[in-house]
Amino acid sequence: MSASQPAEAPIAVALDSLILRLMLLILAGILTAAMVMQYAFGEIPCPLCLLQRFAMFGCCFGIALQLRSGTNERGTGISLIFTILLLVISVRQTLLDLFPRPGHEYVGSPIFGIHMPVWSVFIAVALLLGFAIRLALFGGPHSAPEAEGAPMHRLTQGLITYVVFICAINFLSVVLQCGIGECHTSGYLLLP
Amino acid sequence: MMASVYATLLIAFILDLSGLRRSAVTCLFLSLALCVWLFLWKIYSPDYGFRMPWLQAEVAPIFAPLWSS
């Protein structure tokens, strides 16, 4: 940290990383729930749903990057790019599914009365709000990453490894559903 | 196509875990470009282009006089 820049209070640094960890945890939970919906309840994801999952993974990547390098806001920037991508895809899908018509009858089952693309809009707006609040409260770069071996560092590493694990599961699932071609919601291409 | 989007994303995550941060970010942006291309290809219709003609908007009666003047 430069001499001209005042040192940030430890509580502010801790709160900042806590917010990031919480965002990563919530995103990991949402992505896990999506996998559970897919395999336990037979909700085969549409191509735009898969792209929305991709955007959430990209957001996780940015948060993970930010958690490991607290000296700049590059990770937050990457997360914001993917959050905007999530918002654009989910809004377009919501507008596509507004009126079921031939070729666009499938919109999946609602959760608490709200369909998945609309939930994605809420998630994207919540992420944007989360990043905005975080930047408004804690500002720019201020902290060095935690020391290796610290409990919070191990927790973060565990969470990031879990996100990579569900990303690998999603990749296998996409190959199973779509092969290397176009995706369809009619079934799994590689399953009999 | 979707498989390549997820494959590049997974490679980006693995490179990041391996400490190759610059390569990881490059791979992530490659996957982003593939995703944007796939998204645009998916929503493009030969009949409508990128438009959504099933969404019809009308000027509300209260504003109609203002609109015509």
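Can you work out the FRET efficiency for the pair B:Ser45 and A:Phe41, with r the C-beta to C-beta distance and R0 = 22 Å, to the nearest 0.05? Please list the in-between numbers first.
Working: r = 30 Å, r/R0 = 1.37.
For R0 = 22 Å, the calculated efficiency reads 0.15.
Here the relative contact order of chain B, from alpha carbon pairs under 8 Å that lie six or more residues apart, stands at 26 percent.
Across region B:12-17, rounded Karplus estimates of 3J(HN,Hα) from the backbone phi angles (6.51 cos²θ - 1.76 cosθ + 1.60, θ = phi - 60°) give 4, 4, 5, 5, 5, 5 Hz, Gly and Pro being marked x. Here the gap between A:Leu190 and A:Phe122, fully extended at 0.36 nm per residue and compared with their Cα-Cα distance, gives a gain of 21.2 nm.
For region A:176-192, backbone phi angles converted through the Karplus equation (6.51, -1.76, 1.60; θ = phi - 60°) give residue-by-residue couplings of 5, 7, 10, x, 10, x, 6, 8, 9, 9, 6, x, 8, 4, 8, 9, x Hz, Gly and Pro being listed as x.
Charge dipole of the protein assembly as shown (Cα centre as origin; +1 on each Lys and Arg Cβ, -1 on each Asp and Glu Cβ, all else neutral): 260 debye, rounded to the nearest 20.
With a 10 Å Cβ neighbour count serving as the proxy for reagent exposure, in which order, fewest first, do A:Met152, A:Met116 appear? Present the calculation step by step, with values, prior to reporting the outcome.
Numbers: A:Met152 14, A:Met116 24.
So the ranking, lowest neighbour count to highest, is A:Met152, A:Met116.
Each helix, a run of at least 4 DSSP H residues, gives -39500 (n - 2.57); summed and divided by the residues of chain B, these come to -21000 deg cm²/dmol at 222 nm. The alpha carbon centroids of region B:14-69 and region A:174-192 are separated by 24 Å. Counting Cβ atoms of other protein chains within 10 Å of each Cβ in B:2-15 and taking the mean gives 6.
Cα gyration tensor of chain A, axes a ≥ b ≥ c as square roots of the eigenvalues: rounded (a/c below 1.5), prolate (a/b > b/c) or oblate? Prolate shape, in that a/c is at least 1.5 and a/b is the bigger ratio. Among the residues of B:20-32, the average count of other protein chain beta-carbon atoms within 10 Å of the residue beta-carbon is 3.
Only DSSP H runs of four or more residues enter the estimate; each adds -39500 (n - 2.57), and after division by the residues of chain A the mean residue ellipticity at 222 nm equals -23500 deg cm²/dmol. Out of every Cα-Cα pair that chain B contains, those further apart than 20 angstrom amount to 56 percent.
Sort A:79-89, A:11-21, A:166-176 by packing, meaning the average of other beta carbons within 10 Å per residue, with the highest value first. Present the calculation step by step, with values, prior to reporting the outcome.
Details: A:79-89: 21.1, A:11-21: 15.6, A:166-176: 17.8.
Order by mean packing, descending: A:79-89, A:166-176, A:11-21.
Quick note: the coordinates plus some simple rules give every number you see, no bench work behind them. Source: prediction; values computed, not measured. A quick note on method: Cβ atoms are made from the backbone with ideal geometry, for glycine too, and the neighbour counts reach across all protein chains shown.
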